[in-house]
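Beneath this line is the structure, given in structure tokens, with notes to follow.
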Amino acid sequence: MPQPQDWGEKKNVPLNINEENSIDENGNKKQGYRADVVQKVAQPITVDNIVDAAIASEFSDEAQKRIMHNMAKENDPEVEAYKSFVSEIREAAIAAGYE
């Protein structure tokens, strides 16, 4: 099972881990994992720190400023995409057992 890996003082954290089984050319069963990885998560590894790292890797500083400025507007597609992204990461982090 994939585990968080060191990145200096931070960690790369796997989320949405799925086990994948396959058969190699010799007929042997092979087991592997596929996961989404959030890079450079500050310690301690918490849901909030995972979300912060995911936001930093997905949205530039300019995009984050623009999103925060438009947060009060209704039906702004960039704000809606941001909210959806944050919810998805938060749910995945909680499902992975982080608090």
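Data table
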{"quantity": "Region 1-49, residues that are part of a loop (DSSP other than H, G, I, E, B), surrounded by 13 or more Cβ atoms within 10 Å (Cβ to Cβ) and either out of contact with any strand residue (DSSP E or B) (no Cβ under 9 Å at 6 or more places or on another chain) or on the phi > 0 side of the Ramachandran plot (or both)", "calculated": "Thr46"}
{"quantity": "Long-range neighbours under 7 Å by Cβ, at least six apart or interchain, first residue free of Cβ contacts under 8 Å to residues at least 12 places away in the same chain within region 39-51, second among the β-branched types (Val, Ile, Thr) and surrounded by 20 or more Cβ atoms within 10 Å (Cβ to Cβ)", "calculated": "Asn49/Val41"}
{"quantity": "In region 58-99, residue farthest from the chain's Cα centre (by Cα) [restricted to those that are of a type in the set (Ser, Thr, Tyr), more than 17 Å from Lys40 (Cβ to Cβ) and surrounded by 11 or more Cβ atoms within 10 Å (Cβ to Cβ)]", "calculated": "Tyr82"}
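Since every read-out is calculated from the coordinates, none of them should be taken as a lab result. Please read these numbers as outputs of a predicted model, since none were measured by experiment. Glycine gets a Cβ as well: all are built from the backbone with ideal geometry, and neighbour counts include every protein chain shown.
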